[in-house]
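The values are calculated or read from the model by the stated rules, or taken from the named source; none is laboratory data. Please read these numbers as outputs of a predicted model, since none were measured by experiment. Keep in mind that these areas ignore ligands, DNA and RNA; they rest on the heavy atoms of the full protein, side chains included. Shrake-Rupley method; radii C 1.70, N 1.55, O 1.52, S 1.80 Å.
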Amino acid sequence: MLGRLCGNNVPGRPDAGPFTEGGKALRIALAADHGGYSLKEMLKALVVSLGHEPTDMGTHSAAPVDYPDFALLGAAAVAQGEADRAILVDGAGIGSAVVANKLPGVRAGCCNDLFAARNARAHNDTNVLTLGARVIGEGLAAEIVRVWLETEFEARHAPRIEKIVRLEQQLFGGAR
């Protein structure tokens with residue numbers, strides 16, 4: 001699996017092109033642990049209403065599960081090119097971000113407010129959003145997702161993203 005994660009043309013890299021060009025619907029992986037299950041279900045409906053294509057990576061109930069398993073599924077969908085972006089939900093949003101950022105080509109940001117969501121896309125070109133279901137309510141989560149999906153990456157920040165990509169190349173043996 002790691003070999004596929006380190007492959008070429010990983011979405012979100014500067015050379016992969018923009019995700020929203022021409023108003024194209026995004027393929028969005030959604031995943032959550034038991035603490036984020038309910039919020040994930042609400043966000044799945046929101047993603048559809050915004051004209052995007054969700055893929056539910058689980059969990060599929062409020063029964064206890066381990067967040068790393070589901071964060072990995074959602075982030076891997078992005079890293080492997082099966083999704084353009086991912087939304088991961090756990091109790092605080094932090095653990096899922098830690099897991100997601102282990103994968104080459106993934107830039108995950110934990111955004112529990114609107115400023116962070118806008119900044120994560122405009123400055124950091126994040127392709128994975130993590131949310132804390134025990135930190136924010138459904139209304140704020142919906143607004144964060146809208147802002148994150150609608151905010152375009154500002155090209156003036158590309159040199160910093162290129163540094164991140166070069167670091168990945170060094171750490172993962174030239175993967176690009």
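Structure notes:
- Selection within the range 153-176: residues that are open to solvent by less than 80 Å² (accessible area, probe 1.4 Å) and not in a helix (DSSP H, G or I). The member of this set that is modelled with the lowest pLDDT is ALA175.
- When ALA141, ALA62 are screened for being of a type in the set (A, V, I, L, M) and under 15 Å from the mean Cα position of the chain (by Cα), only ALA141 passes.
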